[in-house]
Amino acid sequence: MRRLEGSMVAIVTPMKDGAVDLRALRELTEWQLAEGTDGIVPCGTTGEGVTLTVAERADVIRTVVETVRGRALVIAGAGSNATHEAIESVKLARSLGADAALVVTPYYNKPTQEGLFRHYQAIWEATRFPVVAYNVPSRTSVDLLPETVARLAKAGAIAGIKEATANMDRQVQLVEKVGKDAIAYLSGDDFTVLPYIACGGHGVISVIANIAPRAMKELVVAARSGDLAGALAKQAAMAELNRMMFVETNPGPVKAAVALLGRAGGELRLPLAPVSEASLAKVRDAMVRFGLKLA
């Protein structure tokens, strides 16, 4: 399997009149590849994976895999708060030709660390497919601790982790307890790409790459090559734009931004609602200041 590293995009799922817009998804994917993106991550949080039907998720993953044609990694969102459903989702990702599956920690249930270990172990035993665990306590109310990650890595149950705690001490603990290159370490926070990579990270699964893919790729390359001054300049340059992508709940702002670029519609699926006019104005202003060309 190709190494899970570099600048990856948590790609939005374009929608039109309530349905998934696969044509726009193909065009977005081709643009990402042309801009140097190393991996496409469909059906994640930014891709509204939790509100897609099974058939829609299959269509989205299939479309991305067929468009990419091996030119980049495809890590398909496949998580659920029910282990048996997560297993079926990972099997679906495998059958559609994805390279790996992104599996969020079970939300709402609030399992113990033992429950988390057994969840990922059960998925591995049932699928034998590379899984990237996705730790995002702000959304799930559960935290996958370094000791549990170490157990999972030792058992071979995970190939990597997307860590979205924005906590660099956490990343250092992962390197300490799991090993520097034992698994792939991927940042889940655009605003900490440089420090995350400096603490042993291998890349990022990015929101802002939906609208500034080349800038994110350049930041990751600079950080990974040890050009800390250059990377810091790039990280600081996109700081305001990063903040605006979370001025309301993701993916509302980034979908609005994609629409402002003229690359896809900004339609969301309930219970998410379009961003307010005030938030839209902030997003637009930040895009202009960053130098993005609006439609």
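Check region 33-45 and report whether any residue there is buried (at least 18 other Cβ atoms within 10 Å of the Cβ), free of Cβ contacts under 8 Å to residues at least 40 places away in the same chain and in a strand (DSSP E or B).
Checking region 33-45: at least one residue is buried (at least 18 other Cβ atoms within 10 Å of the Cβ), free of Cβ contacts under 8 Å to residues at least 40 places away in the same chain and in a strand (DSSP E or B).
From the list 154, 177, 162, which residue is within 15 Å of residue 5 (Cβ to Cβ) and modelled with pLDDT of 95 or more? Reasoning before the result, please.
Values: 154 fails: within 15 Å of residue 5 (Cβ to Cβ); 177 fails: within 15 Å of residue 5 (Cβ to Cβ).
Exactly one of 154, 177, 162 is within 15 Å of residue 5 (Cβ to Cβ) and modelled with pLDDT of 95 or more, namely 162.
For region 127-140, name all the residues that are touching a Ser or Thr at 6+ places or on another chain (Cβ under 9 Å) and farther than 22 Å from residue 72 by Cβ.
The first filter runs over region 127-140 and keeps only residues touching a Ser or Thr at 6+ places or on another chain (Cβ under 9 Å), leaving 133-140.
Result: 135, 136, 137, 138, 139, 140.
If a residue has to be among the hydroxyl-bearing types (Ser, Thr, Tyr) and either under 16 Å from residue 211 (Cβ atoms) or in contact with a Pro (Cβ under 7 Å, 6 or more places away or on another chain) (or both) to count, how many in region 46-62 make the cut?
Just the residues of region 46-62 that are among the hydroxyl-bearing types (Ser, Thr, Tyr), to begin with: 46, 51, 53.
From the residues that got through so far, the ones that are either under 16 Å from residue 211 (Cβ atoms) or in contact with a Pro (Cβ under 7 Å, 6 or more places away or on another chain) (or both) too are 46.
Of the residues in region 46-62, 1 are among the hydroxyl-bearing types (Ser, Thr, Tyr) and either under 16 Å from residue 211 (Cβ atoms) or in contact with a Pro (Cβ under 7 Å, 6 or more places away or on another chain) (or both).
Here are some residues: 205, 197. Which one is crowded, with 23+ Cβ neighbours inside 10 Å, touching a strand residue (DSSP E or B) at 6+ places or on another chain (Cβ under 8 Å) and over 25 Å from residue 49 (Cβ atoms)? Lay out the reasoning, then the answer.
Values: 205 fails: over 25 Å from residue 49 (Cβ atoms).
None of the others qualify; the one that does is 197.
Please go through (1) more than 21 Å from residue 288 (Cβ to Cβ); (2) crowded, with 16+ Cβ neighbours inside 10 Å; (3) not hydrophobic (A, V, I, L, M, F, W, C) for residue 225 and return the number of the only condition it doesn't satisfy.
(2)
Restricting to region 1-32, count the residues that are assigned to a strand (DSSP E or B) and either within 16 Å of the chain's Cα centre (by Cα) or on the phi > 0 side of the Ramachandran plot (or both).
Taking region 1-32 and keeping what is assigned to a strand (DSSP E or B), we get 6-9, 15-16, 19-20.
Checking which are either within 16 Å of the chain's Cα centre (by Cα) or on the phi > 0 side of the Ramachandran plot (or both) leaves us with 6-9.
Matching residues across region 1-32 total 4.
Here are 105, 46: which of them is among the β-branched types (Val, Ile, Thr) and closer than 21 Å to residue 264 by Cβ?
Numbers: 105 fails: closer than 21 Å to residue 264 by Cβ.
On inspection, the qualifying residue turns out to be 46.
Residues to consider are 187, 138; find the one that is in contact with an Asp or Glu (Cβ under 9 Å, 6 or more places away or on another chain) and either farther than 23 Å from residue 238 by Cβ or not aliphatic (A, V, I, L, M) (or both).
Working: 138 fails: in contact with an Asp or Glu (Cβ under 9 Å, 6 or more places away or on another chain).
Of 187, 138, the one residue that is in contact with an Asp or Glu (Cβ under 9 Å, 6 or more places away or on another chain) and either farther than 23 Å from residue 238 by Cβ or not aliphatic (A, V, I, L, M) (or both) is 187.
Pairs under 9 Å by beta carbon, first residue under 12 Å from residue 115 (Cα atoms) in region 141-164, partner acidic (Asp, Glu), six or more apart or different chains?
Note: pairs meeting the criteria are 144/163; 148/114.
What number of residues within region 40-91 are of a type in the set (Ser, Thr, Tyr), out of contact with any helix residue (DSSP H, G or I) (no Cβ under 8 Å at 6 or more places or on another chain) and closer than 22 Å to residue 159 by Cα? Explain how you work it out, then say what you get.
First, the residues of region 40-91 that are of a type in the set (Ser, Thr, Tyr): 45-46, 51, 53, 63, 67, 80, 83, 89.
Among the residues that remain, those that are also out of contact with any helix residue (DSSP H, G or I) (no Cβ under 8 Å at 6 or more places or on another chain) are: 51, 53.
Add one more test, that the residue is closer than 22 Å to residue 159 by Cα, and what stays is none.
Residues that pass the stated criteria total 0.
I'm trying to understand the selection: among the residues of region 48-79, which are closer than 19 Å to residue 205 by Cβ, small (Gly, Ala, Ser) and at pLDDT 95 or above?
Answer for region 48-79, where residues must be closer than 19 Å to residue 205 by Cβ, small (Gly, Ala, Ser) and at pLDDT 95 or above: 49, 72, 76, 77, 78.
Check every one of the helices (runs of 4 or more DSSP H) wholly within region 47-165 and list those with 3 or more residues that are of a type in the set (D, E, K, R). Steps first, please.
Values: elements: 54-68, 83-95, 113-127, 137-140, 146-154.
Where helices (runs of 4 or more DSSP H) fall fully within region 47-165 and carry at least 3 residues being of a type in the set (D, E, K, R), they are 54-68, 83-95, 113-127, 146-154.
Looking only at region 75-104, how many residues end up being buried (at least 24 other Cβ atoms within 10 Å of the Cβ) and either in contact (Cβ under 8 Å) with a residue 60 or more places away in the chain or within 25 Å of residue 143 (Cα to Cα) (or both)?
As a first pass, look at region 75-104 and keep what is buried (at least 24 other Cβ atoms within 10 Å of the Cβ): 75-79, 86, 89-90, 93, 98, 100-104.
Next cut, either in contact (Cβ under 8 Å) with a residue 60 or more places away in the chain or within 25 Å of residue 143 (Cα to Cα) (or both) only: 75-79, 86, 89-90, 93, 100-104.
So the answer is 14.
Spot the failing condition for residue 205; the list is (1) of a type in the set (A, V, I, L, M); (2) part of a helix (DSSP H, G or I); (3) within 16 Å of the chain's Cα centre (by Cα), and only one is missed.
Result: residue 205 passes all but (2).
Every residue in region 235-259 that is in contact (Cβ under 8 Å) with a residue 40 or more places away in the chain and either buried (at least 18 other Cβ atoms within 10 Å of the Cβ) or outside any helix (DSSP H, G or I) (or both), please. Break it down stepwise before answering.
Start the filter on region 235-259 by keeping residues that are in contact (Cβ under 8 Å) with a residue 40 or more places away in the chain, which leaves 235, 237-245, 250-251, 254-255, 257-258.
Correct list: 235, 238, 241, 242, 244, 245, 250, 251, 254, 255, 257, 258.
Of the conditions (1) more than 22 Å from the chain's Cα centre (by Cα); (2) in a loop (DSSP other than H, G, I, E, B), residue 230 satisfies every one except a single condition; which number is it?
(2)
The values are calculated or read from the model by the stated rules, or taken from the named source; none is laboratory data. Keep in mind the model is a prediction, meaning the values are calculated, not measured. Neighbour counts run over all protein chains shown; Cβ positions are idealised from the backbone, glycine included.
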